[in-house]
Every structure is written in structure tokens, then in C-alpha cells.
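Structure first, commentary second.
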Amino acid sequence: MDSSQSLLRSMWRAGGLLRFAMLVLACAVNGLRDPQALHPRLLVAVCAVMAAWSVCTWFWNQSARRRTWVWMMLDIVVTAAIVATSRPVLGETLLRDSFLGVSVYWMAAAPIAVAIWKGPVAGAVAGAVLGLEQFLQLPSLAPRAWLDLVCMVIVPAFVGLVATELEVLLRQRDKDRAVAAALAERERLNRIVHDGVLQVLAMVEHEGGDLGPKGVRLARLAGEQETRLRGLLQDRGIALDAEGSASGDTMTDLVSMVMLRESPSVSVSVMAGAVAMPLRRARELDAAIGEALTNVTKHAGPDAHAWILLEEDGGELIVSLRDDGVGMTAAQLRDAAAAGRLGVRESIQGRIRALGGVCSWRSEPQGGLEWEFRVPVGA
């Protein structure tokens, strides 16, 4: 069981315990006002029904397969029926003293269960229905009369929001851990292959020529296989499904992808560790970096050097790319676009915007050019 499922089980258990706690409160309040109730025996019977129903919902809600619309709606209907008995059982005089129905705050348990199950909107709707029913038992402009209605909307919505956000965060954490584990295993296998197969292929390629015509052919084949194998080892794609295991959405380590850009004319600095990113988004970001480096080669001068800095800040990737070339002006950028050369506007700025990011640049004549890309890590 993953962390998100374990969290939901804990929240259902907490919701069940909260229902029992509010049952105890309701029974205590009703016990104090039983002598003044219009129908004391019916008040005791209603408390018994609440207790029995709390036990039933505990067993139903702890089993995921039993959480269906039928049971959830039945929970709301039973709670609504209990709320509807407030005025007939307590009487108008006793109800007006506190505006607390026979269920007191026990009636919030059903909307909270709906919120945990289907999110904040469903919980708020269920709470509004029950809260409005309680308000209509004895409508009044007194703050105490409509305060429960407001709380019946806010509390389930808040609980549902917390449950939803925690589930999303834990699923993402599980997914990131699966990516990190898969990449670590890939690195381990890479070391084994590098220390064994690649060294043998390199030795055959280097010394095969001394073995005559067949050796030359063998050396060529060894070189081709070495190139293909190195390419496979550099592939950082990791397939993950919705549960964070291998076989669904393809993820990759962006850090390793950017590191492949390093060369004698390009220096790369990255943060420690891996950055898991959907492969499609990583390729688009890498392509934007590649287009910027291509422009350095074309326009910055033959001796220009480029520097790439990759950082992560609060779920956002920051790519800084600068060179020591001749620089660029806004007028030159406009002239290039007018002439139909759209590399900057489409291949760089367009890609970053398509990724939901922000792209900016600054330059001075003979002072080089600096790009900054800010892109969200997630989809």
C-alpha cells in the first residue's frame, strides 16, 4: 500500500472517531435537557439511533469497497431524518434556547465523510443541505441560528481540501521516490556495463586492426556496438504509472540530460541529485537550451564560451545560460523576426511559454548575452 492510501485509511479512521466523539457530546447535551424536552423518551430513542448508526458507518467507511454513492447518500439521508426530529422532539421553546438540534454537532460527521471521499465541493454541498435543514427547524436572524449553517459548509470543505492536497503531495512524493530508485538502479547497472562490456568493446575496436581483414571488420562492429550501448546508457527515461511504479508516464532526470550539453566550449553547473521531470517537457526544455547554444555558435564569435547553470526553487526550474560573445540588441531580434529567422521567438521563447514558463534575456554590446528560463517541474 502506498503512502496516499495509508493516509486515506488514517483519515477515515479519524473521521469515524470524530463521529463517536460528537456522539458523546450530543448524548451529554441531550441528557442535560431531557427533562425539559417535549418528548423525553423520543429524545433517548433518537440518541440510541445515532449511536447505532455511528457503529454501522464505522464498519462501512473503514472498507474501501463499501464506500459507494449508495452508502454515502444513505448516511446523509439518515442524518437528515435525525435532524428533522429536532423541533418535534425538543419543542420550540427548548430549541430556541440554544438552536441546537437533537444531533447537536453529530450531523457534521456525514458531510465530513463525503468530503474525505469526494473532495471539498461535495463535502460543502452535503454540509449545506444538512445545515439548511437544521436552520429551517426554527429560522431566525439570531447569529446562533445561522452560525451552524455556515460551519456546516466550511468545516467539511476544509477537511476535504486538506485530504485532497495531502493525497496529491504524497502521490508525488511516492512518484519521485520511485524515479530516484529507478535512476539509482540504472546507475548501478551502468557502472557494471561500463567496467565490463564497454571496456572489452573498446579494446576490440582498438586492437582489432592488428588481426587482419577480419579483425578490421570486427573492430568496426565493436565500435558501432559501443556507440549504441553508450547511447542506451545515457537514456535516463523512466516509465511510471499512476501509482509510481514502472510502466506508465515516462519520466527522466533533467540534470543528466543537461549535463550532456557540456563540452570544451560549454560549461555546465547543476544542483546535486536528480530532478524527475516528464520526458516530453524535459526534451522541450533541453531543445530550447540547444537552440540558445546553437545561436552562440552562429553569432557570438568563434572563440565564444557558454555557461549553463541549472537550479531548482520551490518546484520551479531556473536555467541561466550566458556567453561571452558579441551580444544582441532588441533591434537585431526584431530584424531577424522580420526576415523570417524565428529561432529565438519560436524555438526558444515559444518552447518556454508552451511549458508554462517565463523566458527573459539581457545583453550589452560586446558584453555577451544571458538567457533565463523559469519553468515549472510538473506537467
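Could you please find all residues in region 271-296 being in contact (Cβ under 8 Å) with a residue 12 or more places away in the chain, surrounded by fewer than 19 Cβ atoms within 10 Å (Cβ to Cβ) and more than 18 Å from residue 352 (Cα to Cα)? The answer is 271, 273.
Only one entry of 120, 111 meets the criterion of being open to solvent by less than 20 Å² (accessible area, probe 1.4 Å) and touching a helix residue (DSSP H, G or I) at 6+ places or on another chain (Cβ under 6 Å), and that entry is 111. Assess whether residue 12 counts as being closer than 19 Å to residue 108 by Cβ, among the aromatic types (Phe, Trp, Tyr), at pLDDT below 90 and surrounded by 13 or more Cβ atoms within 10 Å (Cβ to Cβ). Yes; evaluated as a whole, the condition is true for this residue. Within the set of pairs 6+ apart or on separate chains, which have a first residue in region 131-146 that is touching a residue at least 40 places away in the same chain (Cβ under 8 Å) and within 16 Å of residue 102 (Cα to Cα), a second that is open to solvent by less than 30 Å² (accessible area, probe 1.4 Å) and charged (D, E, K, R), and C-beta atoms under 7 Å apart? Pairs found: 134/148. Any residue at all in region 300-312 that's modelled with pLDDT under 75 and touching a Leu at 6+ places or on another chain (Cβ under 8 Å)? Yes, that holds for at least one residue. Given the structure, is residue 316 modelled with pLDDT of 85 or more, in contact with a Ser or Thr (Cβ under 7 Å, 6 or more places away or on another chain) and either open to solvent by less than 70 Å² (accessible area, probe 1.4 Å) or under 18 Å from residue 260 (Cβ atoms) (or both)? Criteria not met by residue 316. Is it fair to say residue 22 is modelled with pLDDT of 90 or more, within 43 Å of the chain's Cα centre (by Cα) and open to solvent by less than 50 Å² (accessible area, probe 1.4 Å)? Here the answer is yes, as residue 22 does meet what is asked.
The residues listed here are 86, 54; of these, the one that is touching a Ser or Thr at 6+ places or on another chain (Cβ under 9 Å), polar (S, T, N, Q) and open to solvent by less than 30 Å² (accessible area, probe 1.4 Å) is 86.
Test of understanding: among 94, 170, which residue is open to solvent by less than 80 Å² (accessible area, probe 1.4 Å) and under 17 Å from residue 7 (Cα atoms)? So that I can check it myself, show each step before the final result.
Values: 94 fails: under 17 Å from residue 7 (Cα atoms).
So the residue among 94, 170 that is open to solvent by less than 80 Å² (accessible area, probe 1.4 Å) and under 17 Å from residue 7 (Cα atoms) is 170.
Name the residues in region 37-47 that are part of a helix (DSSP H, G or I) and open to solvent by 60 Å² or more (accessible area, probe 1.4 Å), would you? Answer for region 37-47, where residues must be part of a helix (DSSP H, G or I) and open to solvent by 60 Å² or more (accessible area, probe 1.4 Å): 41, 42, 44.
Close Cβ contacts (under 6 Å, 6 or more residues apart or on different chains) running from residues in region 53-70 that are farther than 14 Å from residue 18 by Cβ to residues that are open to solvent by 70 Å² or more (accessible area, probe 1.4 Å) and modelled with pLDDT under 85 comprise 60/66. A search for C-beta distances below 8 Å between a residue of region 1-30 that is β-branched (Val, Ile, Thr) and any residue that is modelled with pLDDT of 85 or more, counting only pairs 6+ apart in sequence or on different chains, returns 29/100; 29/104.
The values are calculated or read from the model by the stated rules, or taken from the named source; none is laboratory data. All figures in this text were calculated on a predicted structure; none of them were measured in a lab. Glycine gets a Cβ as well: all are built from the backbone with ideal geometry, and neighbour counts include every protein chain shown. Please note that ligands, DNA and RNA were not included when accessible areas were found on the heavy atoms of the full protein model with its side chains. Shrake-Rupley method; radii C 1.70, N 1.55, O 1.52, S 1.80 Å.
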